[in-house]
Amino acid sequence: MKPSVTTGKKIMYGVIGGLLFLLLVVSFFGLRLYQDIMADKVEGFDTVTSSVLDETKINAIDQISRYHGEQLYYVVQGKSQDTSYYVFVSETEDTFDYTMFEKAPLYSKQEIINDWQNRCDQCELLDSDIGFANGYPIVEVTYKNNQDLLVYEHVLLDDMSHYKLTLKPNIE
């Protein structure tokens with residue numbers, strides 16, 4: 001006995017419905033994962049913001065980000081009256097430690113990137129972040145050089161001196 005055309009259509013509709021349901025479930029969990037990751041990226045910002053405003057001379061915050069150097073630092077860019085500052089905030093056992101630098105005598109991130117572009121002719125810029133290393137404010141420039149090597153270059157904001165860590169990506 002041959003299956004009827006109606007039975008074949010029912011099976012096909014069932015398969016399509018199942019695939020659509022599976023796509024809906026995967027999309028839902030993918031969206032939840034994305035939201036959790038994005039929430040984790042800004043976790044602690046509210047606490048750091050209120051702490052910086054209460055404990056330092058900063059009275060307005062322009063920007064806040066995280067930098068993972070020797071340890072996790074929150075990088076706060078803010079103002080007090082007409083003076084702009086970088087505040088590097090580290091957390092140790094329920095307290096915050098603050099290291100402040102006035103921005104005016106330091107090179108800007110854009111000046112550092114312009115200088116880097118002049119020094120590294122055939123390089124591909126991947127990322128650049130304000131950070132803190134060895135007690136100094138830095139710009140961490142991440143790029144691929146002309147030999148396709150991954151390079152992390154730390155450039156000091158006070159004198160533009162720099163040092164590099166070069167890695168050869170190896171996927172096995």
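The values are calculated or read from the model by the stated rules, or taken from the named source; none is laboratory data. The structure presented is a predicted model; accordingly, all values stated were derived computationally and were not measured. So basically every Cβ, Gly included, is an ideal-geometry build from the backbone, and we count neighbours across all protein chains shown. The protein model used for the area step is the full one, side chains on, heavy atoms only, and it has no ligands, DNA or RNA in it. Shrake-Rupley method; radii C 1.70, N 1.55, O 1.52, S 1.80 Å.
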Could you tell me the calculated FRET efficiency between Asp115 and Arg32, based on Cβ-Cβ distance and R0 = 35 angstrom, to the nearest 0.05?
0.25
Would you mind working out the accessible area per residue for the chain, using a 1.4 Å probe, and quoting it in Å²?
69
Report the label-to-label distance for Glu70 and Met12 in nanometres (one decimal), using points 7 Å from each Cα along the Cα→Cβ vector.
6.8
Give or take rounding to whole Å, what are the principal axis extents of the alpha carbon atoms in the stretch 50-140, in descending order?
45, 32, 19
Lys pairs in the chain, Cα-Cα under 16 Å, at least 8 apart or on separate chains: how many?
6
Which whole number in µm²/s is D for the stretch 21-172 by Stokes-Einstein, with the Kirkwood Rh taken over Cα pairs at 4 °C and 1.567 mPa s?
74
Give me the distance in nm between label points sitting 7 Å out from Cα along the Cα-to-Cβ direction at Asn134 and Leu22, one decimal.
5.5
Helix by helix, which DSSP H runs in the chain go 30 Å or more along their axis at the Cα atoms and have an average Kyte-Doolittle hydropathy of 0.5 or more?
5-41
For the stretch 109-167, take the alpha-carbon Rg, divide it by the Kirkwood Rh, and send me Rg/Rh.
0.94
